[in-house]
Amino acid sequence: MTDKPEDEESKVLKGMFEEIMKMIQQKQIRIETIIQKATEQNIISQDSFNRIHLALDEYGKKKQWT
């Protein structure tokens, strides 16, 4: 069975999210910088921003940051 395009996209996004979290934890980059650059360069759409925000919110709750 082949993955649906959205399933493949989810896998890619999850992998990217994990790499970004490693970089943030190692203090190599700040999340504010990532969001600012992506917004300035119109890299992310509003839908993508909302998905990122939701993922970060859920991760923060899991880690009891919020």
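The values are calculated or read from the model by the stated rules, or taken from the named source; none is laboratory data. Keep in mind it's a predicted model, so treat the numbers as computed, not measured. We place every Cβ from the backbone using ideal geometry, glycine too, and count neighbours over all the protein chains shown. Accessible surface areas use protein heavy atoms only, side chains included; no ligands, DNA or RNA. Shrake-Rupley method; radii C 1.70, N 1.55, O 1.52, S 1.80 Å.
Do any chymotrypsin sites (Phe, Trp or Tyr not before Pro) in the chain lie in a DSSP loop with no more than 16 other beta carbon atoms within 10 Å, and if so, which?
Passing sites in the chain are 65.
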*Report which label in [x] 78; [y] 43; [z] 49 holds the value of percent of Cα pairs over 17 Å apart derived from the coordinates of this structure.*
[z]
*Provide the gained length on full extension for the span residue 34 to residue 46, in nm with one decimal, where the gain is 0.36 nm per separating residue minus the Cα-Cα distance.*
2.8 nm
_Explain nothing, just the number: dipole magnitude of the chain about its Cα centre with +1 on each Lys and Arg Cβ and -1 on each Asp and Glu Cβ, in debye rounded to the nearest 20._
420
_So if each residue of separation counts as 0.36 nm, and I subtract the Cα-Cα distance between residue 58 and residue 20, what length gain in nm does that give?_
12.2 nm
*How much accessible area per residue does the chain have, in Å², with a 1.4 Å probe?*
89
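Could you check how much of the accessible area of the chain is carbon and sulfur, as a whole percent, using a 1.4 Å probe? Can you show the working numbers first?
Working: 3220 of 5900 Å².
That fraction is 54 percent.
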*asked:* Restricting to lysines 8 or more places apart or on different chains, can you count the pairs in the chain with Cα atoms under 27 Å from each other?
replied: 24
*Of the options 29, 13, 42, report the single residue whose Cα projects farthest towards the positive end of the charge dipole of the chain (beta-carbon charges: Lys, Arg +1; Asp, Glu -1).*
29
